[in-house]
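See below for the structure under consideration.
The values are calculated or read from the model by the stated rules, or taken from the named source; none is laboratory data. No experiment lies behind these values; they were computed from the predicted model shown. With ideal geometry, Cβ positions are generated from the backbone for all residues, glycine too; neighbour counts draw on all protein chains shown. Calculation scope for accessible area: heavy atoms of the full protein, side chains included, ligands and nucleic acids excluded. Shrake-Rupley method; radii C 1.70, N 1.55, O 1.52, S 1.80 Å.
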2 protein chains.
Amino acid sequence: MKLTEAKQQFISSWGAFGTHWGINRTMAQIHALLLITPDPLTQDDIMDQLNISRGNTNMNIRELINWGLVERILLTGERKEYFSAEKDIWKVIRQIVKERKKRELEPMLKLLDQLEEVEGDKRDRNVKAFVDIVGGIKKLGRQADKTLDAMIRAEESWFIGNMIKLFK
Amino acid sequence: MKLTEAKQQFISSWGAFGTHWGINRTMAQIHALLLITPDPLTQDDIMDQLNISRGNTNMNIRELINWGLVERILLTGERKEYFSAEKDIWKVIRQIVKERKKRELEPMLKLLDQLEEVEGDKRDRNVKAFVDIVGGIKKLGRQADKTLDAMIRAEESWFIGNMIKLFK
DNA sequence: ATGAGTTTTCAATAAATTTTGAAAGTTCGA
DNA sequence: TCGAACTTTCAAAATTTATTGAAAACTCAT
C-alpha cells in the first residue's frame with residue numbers, strides 16, 4: 001500500500017471511529033491528519049487536504065485545542081498560525097480520559113448523589129429498585145473515577161507493566 | 001425529591017449521557033427506564049411512559065436485545081411480550097465493553113495491521129511519522145484488548161479489589 | 001492610521017439521524 | 001381457517017447536527 005492511500009484510509013477510519021464515540025467526523029479527521037503529519041500545518045493545508053471549508057476547519061481546530069490535543073504554533077517571521085498534534089499516543093489517551101472524566105463522569109456522580117436521596121419507603125419495591133440501581137452506578141462510577149485518576153497520573157511504562165502483571 | 005421526579009431525571013440524564021457515547025437518546029432512555037423498574041414492561045408501557053411511537057420503541061428494544069442488555073420475557077398465559085433489563089451494573093458494564101470491543105477495537109486493530117505495512121523508505125520523515133503513529137496506536141490497542149478481555153472474565157469483587165490495590 | 005494577510009463568527013443550507021404511524025406480517029386460540 | 005392481538009417494517013416527516021462561505025474582526029508591518 002502506498003503512503004498516500006494508507007494516510008487516506010487512516011484519516012477516514014479515524015473519522016468513522018470518532019462518530020461511535022460522540023466525536024464529530026471532521027474533528028477526528030483533522031486530528032488524524034495532524035497525528036500522521038510530522039510538520040505543523042496551517043488552516044489552509046488542512047482545508048486542502050481534507051476538502052472542508054474554512055469555517056468548519058477553524059471551529060474544529062479550536063475544539064481540538066480545547067481538548068488539549070492540538071497546539072497552536074507560531075513560527076517566527078511567519079504571519080500564519082501552524083497547528084500540531086501531540087504524537088505520544090499514551091499522552092493523547094490520558095488527555096482524552098482526563099477531559100471526558102471532567103466533562104461527563106464527575107457531573108454524573110454529582111447527579112447520582114442527589115437522586116439517591118429520593119423520598120419514600122425503602123420497602124416499596126419501586127423505591128428500592130431505584131435506589132439500588134442509582135447506588136450501584138455510583139459505586140462503580142466512584143471506583144472508575146479513582147482508577148482513571150491514577151491512570152492520568154501514571155507513566156506509560158508503569159501503567160502497562162502493572163496491567164500486564166495484573167491481567168496476564 | 002419525589003420518586004416520580006427522580007425517575008424522570010434519571011431517564012433524561014441517562015439519555016443525554018448516551019448521546020455523548022454514540023448511543024441514541026431513545027435507546028438509552030428505554031434502558032434507563034427498564035433499569036429502574038423492578039417488573040418487566042410491555043412495549044405499550046414503555047411507549048406510554050416515554051411518550052414515543054410504537055416503531056421507535058420496537059426498534060430500540062430490539063437494539064438493546066442485540067447488545068445483550070435487555071431480555072424478552074414471556075409470561076405464561078399472556079399474549080404480550082415483556083421486557084426486562086439486567087440490573088447488576090457490573091454485568092451491564094461488562095456486556096457493553098464486550099460488545100464495543102468486538103464491534104470497534106478488534107476491527108480497528110485489524111486495519112492498523114494493514115496500514116503498518118505501508119511501502120516506502122523509513123528514512124522519509126513522512127513514512128516514519130505514519131508508521132510510528134500507527135505502531136503506537138496498535139501497541140496501546142493490543143494492551144487494551146488484553147486488559148478488557150481480563151476484565152470481561154473478571155468477577156466484580158476481584159476486579160475492584162485489584163484496582164484498589166493497584167491504584168490506591 | 002492604513003490595509004493586506006489572517007482568523008473568527010454565524011445565519012443559512014445541507015446532511016445525517018431519529019421518529020412517526022400506518023400497513024404488512026406474525027402468532028395463536030377457538 | 002379465521003380473526004383478534006400483537007410485533008415488525010419502512011417510507012416519509014421531523015429533528016438534530018454539521019458544514020458552508022461571506023462578512024466582520026483582528027493583527028501587525030509600514
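Here the simple spin-label model places points 7 Å from the Cα toward Cβ, and for A:Arg79 and B:Phe167 these points are separated by 5.0 nm.
The A:Asn24 and B:Val97 beta-carbon pair, evaluated with R₀ = 25 Å, returns a calculated FRET efficiency of approximately 0.55.
Considering only alpha-carbon pairs that sit under 8 angstrom and 6 or more positions apart, the relative contact order computed for chain A is 15 percent.
Here is the tail figure for chain B: Cα pairs spaced more than 19 Å apart come to 67 percent of all pairs. Remark: the range A:13-20, residue by residue, has Karplus-estimated 3J(HN,Hα) of 5, 5, x, 5, 4, x, 4, 6 Hz, where x stands for each Gly or Pro and the curve is 6.51 cos²θ - 1.76 cosθ + 1.60 at θ = phi - 60°. Every helix of 4 or more DSSP H residues in chain A counts as -39500 (n - 2.57), and over all residues that averages to -22000 deg cm²/dmol at 222 nm. If I compute solvent accessible area with a 1.4 Å probe over the protein chains, what percent of it on the range A:3-85 is carbon and sulfur? In the range A:3-85, the share of accessible area belonging to carbon and sulfur is 47 percent.
Report the far tail of the P(r) of the protein assembly as shown, meaning the percent of Cα-Cα pairs longer than 31 Å. The calculated P(r) of the protein assembly as shown puts 43 percent of pairs beyond 31 Å. For the range B:89-167, the dipole from Cβ point charges (+1 on Lys and Arg, -1 on Asp and Glu) about the Cα centre works out to 300 debye, to the nearest 20. Under the simplified labelling scheme, the A:Thr4-B:Ile152 pair shows an inter-label distance of 4.0 nm, with each label point 7 Å from Cα along Cα→Cβ. Modelling each spin label as a point 7 Å along the Cα-to-Cβ direction, I'd like the A:Leu109/A:Asn56 distance in nm, to one decimal. The answer from the label model is 3.8 nm.
Temperature 37 °C, viscosity 0.692 mPa s: under these conditions the Stokes-Einstein estimate for the range B:3-85, based on its Kirkwood radius over C-alpha pairs, is 256 µm² per second. Each copy carries a label point for B:Lys101 at 7 Å from Cα along the beta-carbon vector; from one copy to the others these points are 2.2 nm apart, nearest first. Taking 0.36 nm per residue of separation and subtracting the Cα-Cα distance, full extension of the segment from B:Gln43 to B:Gln143 would add 31.9 nm.
Across all directions, the shadow cast by the convex hull of the range A:89-167 built on its C-alpha atoms averages 6.5 square nanometres.
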